Amino acid sequence: MDIDWAALGSVFGVSLSATVLLVTLFTLGIVGLSKHEAATEQGDGGTSQAEGRGGAALARTGAYASFALCAAAVAYGIYLIVS
């Protein structure tokens, strides 16, 4: 039995990188939603963009973008496995 250590190391590195990326994206989404909730409780509903107080809307948009990227990465991984 012969083990291709270079291929094993490559798979390990890609798996570790993908895991860290997905956890980071999901964490950024959770942080964005909590910032949105905190900004909404302080009275900044994101409706006063002209005054520069769009923190709630920006946090919500960033959170949704992070979740969308996370879902896209998972979908791509499933696509790679199935095809």
> So how many Å³ per residue does the convex hull of the Cα atoms of the chain work out to?
Replying inline: 108 Å³
>> How tilted is helix 5-41 with respect to the longest principal axis of the chain? Cα atoms for both, answer in degrees (0 to 90, nearest 10).
In response: 10 degrees
> If you line up the long axis of helix 55-82 against the longest principal axis of the chain, both from Cα atoms, how many degrees apart are they, to the nearest 10?
Replying inline: 20 degrees
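Any read-out appearing in this document is the output of simple, stated calculations on the displayed coordinates, not a laboratory observation. Predicted model only: the values in this text are computed from it and were never measured.
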